[in-house]
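A short write-up of the structure that comes next.
Bear in mind these aren't lab numbers, they're just calculated from the coordinates by the rules spelled out. Just so we're clear, the structure is a prediction, and the values are computed from it rather than from any experiment. Positions of Cβ are generated from backbone atoms using ideal geometry, with glycine treated the same way; all protein chains shown enter the neighbour counts.
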Amino acid sequence: MTETDATVSADSTLKSNILFFRKFLRHGITIASVWPSSRWLARATIREVNFAQAKVIVELGAGTGPITEAVVRRLQPHTRFLAIERDADFARILRERFRDRPNMEIIHADVRDLDTILKTRGIAEVDYFVSGLPTPSLPVGVRRRLMASIRRYLTAEGVFSNITEVPWYYWRYYNKVFQDVNFQFVARNMPPGGVYHCRSVRRLRPA
């Protein structure tokens, strides 16, 4: 990358970050954060992904793409990657950042339609869900539909990893949905946060 390219890239990132902050001021917790995830939080989010074996990875609430980029950097030719984002401006930024990348698709859609999104693409199982959504704080109807789809599609050995900026607070919620929940604290983020890594879905208990 030339010095000019680096300057353009940094300027583009700053503009995306400012847009993200403005969206947060306008929409509050539906955006989940005041600022995009740091690279340390993004790396933590994909910590449990076995890229050598993963067949399907789905990102929920991709935002401006910090977690998306972490996935793309390690994405293997045999893996299919879907990044879902509801906000039209963010979806446009994602398509510009990751255009012509193989094995991946940027989807402008609402996660409440996750079941339809996967069915129409012929996907029967998902190995890893990585999420930038404020899942426990979503409207009840949206949250229930989302978690029902995750229950339906996540493989027996799969992992659901969700970022948070309220460390440990939602542990009880995730334990209602999954049998195995681990929390990874990430100090190098604004504000400090972390990731819930969840396995073994509790099939019979409501989210």
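Out of all DSSP beta bridges with both ends in segment 38-201, state the antiparallel percent to the nearest 5.
Roughly 40 percent of the beta bridges in segment 38-201 run antiparallel, per DSSP.
Return the distance in nm (one decimal) between the two label points of a simple spin-label model at ARG172 and THR116, each offset 7 Å from Cα along Cα→Cβ.
Each label point lies 7 Å from its Cα, and together they span 3.5 nm.
Using the Cα gyration tensor of segment 45-128, with a ≥ b ≥ c the square roots of its eigenvalues, what is the shape: rounded (a/c below 1.5), prolate (a/b larger than b/c) or oblate (neither)?
It comes out oblate by the Cα gyration axes.
Please compute the length gained on full extension between GLN53 and ARG152, using 0.36 nm multiplied by the number of residues separating them and subtracting their Cα-Cα distance.
Separation in residues times 0.36 nm, less the Cα-Cα distance, equals 33.6 nm.
Would you list TYR153, TYR128, TYR173 from fewest to most Cβ contacts within 10 Å?
TYR173, TYR153, TYR128
Got a sec? How would GLU96, GLU69, GLU59 order by Cβ neighbour count within 10 Å, fewest to most?
GLU96, GLU69, GLU59
Among rounded, prolate and oblate, which fits segment 38-201 when a ≥ b ≥ c are the square roots of the eigenvalues of its C-alpha gyration tensor, a/c under 1.5 means rounded, and a/b larger than b/c means prolate?
Verdict is rounded for segment 38-201.
Compute the relative contact order of segment 38-201 as a whole-number percentage, counting only Cα pairs closer than 8 Å that sit 6 or more residues apart in sequence.
Dividing the mean separation by the residue count of segment 38-201 yields 24 percent.
Classify segment 129-178 as rounded, prolate or oblate from the Cα gyration tensor: take a ≥ b ≥ c as the square roots of its eigenvalues, call it rounded if a/c is under 1.5, otherwise prolate when a/b beats b/c and oblate if not.
Because a/c hits 1.5 or more and a/b fails to exceed b/c, segment 129-178 counts as oblate.
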